[in-house]
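Worksheet for the structure shown next.
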Amino acid sequence: MTGYSPLFRRLDALLTTNREFWQFMPFSSNQLIWEQSHPELCQWLLSLDDEAITHFIEHGEALAQVIAAWIPDATELYQLSQLEPYFLHQRLLPKGLDVGIPGRKWQQITAFNQVVPVLKLPWLEWCAGKGHLGRVLAASHATPVTSLEWQKTLCEEGEAAARRLQLPIDFVHGDAFDPACEQHISPQQHAVALHACGDLHVSLLQRVAAKQGKAVSISPCCYHLIREKCYQPLSRLGQQSRLTLSRHDLRLPLQETVTAGQRVRRQRFVEVSFRLGFDSLQRFVRGSDEYMPVPNVQKAQLNEGFADFCRWAADKKGMILPEGIDYPYWQQRGEKRFSLVERMELIRQLFRRPMEMWLVYDRACYMEEFGYQVSVGTFCPKPITPRNILIHAERK
Ligand SMILES: C[S@@+](CC[C@H](N)C(=O)[O-])C[C@H]1O[C@@H](n2cnc3c(N)ncnc32)[C@H](O)[C@@H]1O
């Protein structure tokens with residue numbers, strides 16, 4: 001075993017044995033789901049006040065240490081998901097390149113540019129958007145860029161910006177899934193993708209590997225945006241895993257539990273407790289203990305109060321609510337469930353980054369299986385973007 005496969009195997013083993021703590025839907029349960037299996041853990045969870053929950057959300061290591069009393073693998077999982085930052089090379093950029101690029105995006109792009117190895121090859125920018133990254137790469141390294149993007153207007157805007165700055169960038173208006181796009185991938189090229197969602201960055205890795213492209217650097221995001229119902233592991237190791245990941249499971253890495261200000265917390269409390277209250281009510285009315293998802297709701301609708309929300313939700317689901325419903329009772333049920341969901345989500349938080357690392361190492365192992373030398377690290381601090389992992393694979 002070489003490279004990232006030992007790490008992948010260990011994470012795979014720990015995530016598999018601890019499935020009961022993360023692979024479920026907190027929303028759909030009426031109680032803490034470990035009441036029978038781990039009563040003491042549940043007691044501890046119920047003893048936490050808001051302040052303690054916020055503290056543990058913000059301090060993953062402290063959470064892992066406390067939880068180790070009931071989930072002994074917690075500390076190892078925490079350690080396995082730590083990553084080193086890449087070395088930042090100072091790279092001078094001409095003035096005016098940041099015009100029209102939002103601040104955070106600019107920070108992500110310049111950080112990406114400062115960590116990718118310089119191979120002096122033409123670049124391929126996969127799912128380029130307006131080609132912000134492509135412009136920085138072209139200007140910083142004086143090498144041509146091909147930017148592939150699906151939305152025509154973004155291609156046009158990107159083309160205009162490149163012309164204005166006199167940069168050697170060609171936009172290709174195309175669908176990354178279309179086999180015709182393979183023609184844009186070549187062995188003497190450095191392919192990049194910044195935040196191309198799920199299957200889109202996977203399709204790049206597969207094509208680069210198939211065409212034996214010299215190098216590819218990607219920063220993955222939105223792992224749940226896949227065409228199949230379940231995750232299809234890329235590496236042979238991943239394919240041997242006993243884990244089956246649904247789209248719901250694949251959302252876990254993106255669920256950064258909010259430690260927002262009072263106002264946002266209050267809004268979340270109202271919306272989530274209304275939804276859960278309606279869910280309890282609909283289970284009672286229909287006599288079926290099954291969760292019923294309700295579509296997105298306008299904030300203004302929530303201001304009308306719980307009873308109105310229930311009538312709105314019932315209407316959306318084509319359900320008739322009987323007369324004489326005790327709405328305050330069901331609202332209270334929703335509020336109680338909200339506090340249970342928060343506590344179950346706290347435990348799932350422990351597995352958020354490990355799950356992301358499992359997905360990242362599956363990609364790393366896949367490229368290694370094709371003979372690439374792979375590195376994995378962070379390219380910027382989390383506040384700039386929580387999707388801060390960069391996988392670089394290079395054929396030596
Ligand atoms: C999250 S954005 C990232 C854009 C850019 N890389 C950045 O970081 O600013 C993803 C981009 O992928 C593009 N996209 C979505 N589906 C695509 C497809 N099938 N083929 C090519 N591009 C696609 C979207 O239009 C969007 O511009």
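The values are calculated or read from the model by the stated rules, or taken from the named source; none is laboratory data. Please read these numbers as outputs of a predicted model, since none were measured by experiment. Virtual Cβ from ideal backbone geometry, glycine too; neighbours counted across all protein chains shown. Surface accessibility is based on the protein's heavy atoms, side chains included, excluding ligands, DNA and RNA. Shrake-Rupley method; radii C 1.70, N 1.55, O 1.52, S 1.80 Å.
General observations
- Top-ranked residue of region 143-167 - restricted to ones that are in contact with a Lys or Arg (Cβ under 9 Å, 6 or more places away or on another chain) and of a type in the set (A, V, I, L, M, F, W, C), ranked as surrounded by the most Cβ atoms within 10 Å (Cβ to Cβ): Val145
- Which numbered condition Gln212 fails, given (1) on the phi > 0 side of the Ramachandran plot; (2) open to solvent by less than 40 Å² (accessible area, probe 1.4 Å): (2)
- When Trp106, Trp44 are checked against the criterion of being among the aromatic types (Phe, Trp, Tyr) and touching an Asp or Glu at 6+ places or on another chain (Cβ under 6 Å), a single residue qualifies: Trp106.
- Filter result (away from the ligand (no atom under 15 Å from the Cβ), buried (at least 20 other Cβ atoms within 10 Å of the Cβ) and in a loop (DSSP other than H, G, I, E, B)) within region 215-233: Tyr231, Pro233
- Region 194-209, residues that are more than 18 Å from Val172 (Cβ to Cβ) and open to solvent by less than 10 Å² (accessible area, probe 1.4 Å): Gly198, Leu205, Ala209
- Evaluating Gln107 against the criteria (1) surrounded by fewer than 18 Cβ atoms within 10 Å (Cβ to Cβ); (2) free of Cβ contacts under 8 Å to residues at least 40 places away in the same chain; (3) within 13 Å of the ligand (Cβ to nearest atom) leaves one unmet condition, (2).
- Some residue of region 169-177 being within 28 Å of Val99 (Cα to Cα), open to solvent by 20 Å² or more (accessible area, probe 1.4 Å) and among the acidic types (Asp, Glu): yes
- Exactly one residue out of Leu41, Leu97, Leu45 is touching a helix residue (DSSP H, G or I) at 6+ places or on another chain (Cβ under 6 Å) and more than 15 Å from the ligand (Cβ to nearest atom), and it is Leu45.
- Of all residues in region 178-193, those satisfying the criterion of being more than 24 Å from Lys105 (Cα to Cα), surrounded by 15 or more Cβ atoms within 10 Å (Cβ to Cβ) and either more than 29 Å from the chain's Cα centre (by Cα) or of a type outside the set (Val, Ile, Thr) (or both) are Cys181, His184, Ser186, Gln189.
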